[in-house]
């Protein structure tokens, strides 16, 4: 029985999209792998109060998922921020 495809998710409008694409193409180019990979999209909305809303635009039910994000730490505040 074939293994479930692995979803690689990232926001195409975010800074992590290029990273996710590189990972996806690297994994797909492995001729020895029998695993299927799918590059999917996430919509991330950042609000002025610091809240973040993420909407996964792919069906992820019962599937392994890799979420590609970039977190930056701000020393002045001691907080992490999504990018």
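One residue is enough: does the stretch 10-23 have a residue meeting the conditions modelled with pLDDT of 85 or more, over 12 Å from the mean Cα position of the chain (by Cα) and surrounded by 11 or more Cβ atoms within 10 Å (Cβ to Cβ)?
No, the stretch 10-23 contains no residue that is modelled with pLDDT of 85 or more, over 12 Å from the mean Cα position of the chain (by Cα) and surrounded by 11 or more Cβ atoms within 10 Å (Cβ to Cβ).
Between a first residue in the stretch 28-48 that is under 18 Å from residue 17 (Cα atoms) and a second residue that is exposed (fewer than 10 other Cβ atoms within 10 Å of the Cβ), which pairs have beta carbons less than 6 Å apart while being 6 or more apart in sequence or on different chains?
Hits for this filter: 45/53.
Regarding the stretch 36-47, can at least one residue be identified that is modelled with pLDDT of 85 or more, in a helix (DSSP H, G or I) and exposed (fewer than 14 other Cβ atoms within 10 Å of the Cβ)?
Checked against the condition, which is being modelled with pLDDT of 85 or more, in a helix (DSSP H, G or I) and exposed (fewer than 14 other Cβ atoms within 10 Å of the Cβ), the stretch 36-47 yields no hits at all.
What pairs can you find where one residue is in the stretch 50-73 and exposed (fewer than 11 other Cβ atoms within 10 Å of the Cβ), the other is assigned to a loop (DSSP other than H, G, I, E, B) and at pLDDT 75 or above, and their Cβ atoms are less than 8 Å apart, with a gap of 6+ or different chains?
53/47; 62/4
The values are calculated or read from the model by the stated rules, or taken from the named source; none is laboratory data. Note that the structure is predicted; figures quoted are calculated from it, not measured. Positions of Cβ are generated from backbone atoms using ideal geometry, with glycine treated the same way; all protein chains shown enter the neighbour counts.
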